[in-house]
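Starting off with a structure, shown below.
The numbers here are math on the coordinates, done by the rules we state, and not lab data. Just so it is clear, the model here is predicted, and its values are computed rather than measured. Don't worry about glycine lacking a Cβ; one is built from the backbone with ideal geometry, like all the others, and counts go over all protein chains shown.
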Ligand SMILES: *Cc1c(COP(=O)(O)O)cnc(C)c1O
């Protein structure tokens, strides 16, 4: 495995090499079944064990209370942009969104098809470089839910403090920071996440939903998008993304073995600090993000001289550091350092950045 690179992609993102190796070892003959997991019936005992264990391990990892269902769905986080309003916009038909970037905007744009959607706050005027402060009284009292994007994958910001929504259910798109550190699930009505950042392969979407929010979907809700359908069938109403669930299960078990999210969070803090500390100390690189709101997972940074961007990317790649190009709406670079990025990978990136800066400083 010496030819593996350090992959800083925002998603689909790196997976732990030893997890991929385990999947490779089990590829042709999964536990004596004589088949690959991909070939197993989703109604077979062997698959049932995979499905049940993945759910059990995720519950343990995130300490998900008993009154929450875990759903393993398809359609990506983007499909939840519709599923959330279809399932929850059922009383006043109003929902309040906090606009912290492109994903929040897309979520709100989709919800507008179903009701009265309002941005309670936005950080757009400063290109989403901060998280707006919102008070409880800023939300409409009769809103059916409040929606946030906990970690903003493109802009590199994170909610370090959740807004107080009182009794209004808080819905979170947690695609890019789920499992990055411990969180209190009981503060949320719904958490959803596409798997391809911090969980496993693309094709799986994890939804964690409080039971009292299930069963009141709007009449036009497609059967497949109704949380009740999926909860009643334990996510086996139709064929689930079995292989992606298997891979996610391997990742969950691996994180538990590592010591759980407490430990994972410590490592992620060290990784992020190593990168931010160097960026802040340097004149060659800078972070556009408000220091208090910086993401542990996605670290955008810009070079003082944008003319050097191309050379930076080419030389980084030659050093086995790939997918560092920033999103076009921010420019510069972005290092996504999800759980599967080892501390050595971040150390190698910082070393490379130092060398590159030294070489290009007259
Ligand atoms: C990647 C991402 C999405 C889109 O996920 P899909 O699974 O591709 O639909 C949505 N929200 C956030 C925060 C993301 O990082």
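Shape call for the stretch 17-160 from the C-alpha gyration tensor, a ≥ b ≥ c root eigenvalues: rounded (a/c under 1.5), prolate (a/b greater than b/c) or oblate?
Verdict is prolate for the stretch 17-160.
Sticking with this structure for a sec: I'd like the distance between the alpha-carbon centres of the stretch 281-335 and the stretch 66-80, rounded to an integer number of Å.
A separation of 32 Å, based on Cα centres.
Test of understanding: what is the full-extension gain from residue 269 to residue 322, defined as 0.36 nm times their sequence separation minus their Cα-Cα distance? Walk me through the numbers before you get to the answer.
On the way: separation 53, 0.36 × 53 = 19.08 nm, distance 2.17 nm.
Full extension of this stretch gives 16.9 nm more.
Between the stretch 160-202 and the stretch 234-266, how far is it from one alpha carbon centroid to the other, in angstrom?
15 Å
Distance in nm between label sites at residue 283 and residue 33, each 7 Å beyond Cα in the beta-carbon direction?
Label-label distance for residue 283 and residue 33, simple model: 6.1 nm.
Which of 43, 118, 270 moves the most in a Gaussian network model of the chain with Cα springs under 10 Å?
With Cα springs under 10 Å in the chain, the top fluctuation among 43, 118, 270 is at 43.
Can you pull the one-decimal nm distance between simple spin-label points at residue 184 and residue 26, each 7 Å off the Cα toward Cβ?
Here the answer is 3.5 nm between the modelled labels.
Further question: What ranking of 3, 138 emerges when the number of other C-beta atoms within 10 Å of each C-beta is taken as an exposure proxy, fewest first?
By the 10 Å Cβ count, ascending: 3, 138.
Note the full-extension length gain between residue 46 and residue 360 as 0.36 nm times their separation in residues minus their Cα-Cα distance, in nm to one decimal.
The residue 46-residue 360 span can extend by a further 107.4 nm.
Taking the Cα-to-Cβ direction at residue 232 and at residue 119 and moving 7 Å from each Cα, how far apart do the two end points lie in nm?
Placing both labels 7 Å along Cα→Cβ, they lie 3.9 nm apart.
May I ask you to list the residues of the stretch 266-283 whose amide nitrogen lies under 11 Å from a point 7 Å from Cα along the Cα→beta-carbon direction of residue 308?
Output list for this probe position: 283.
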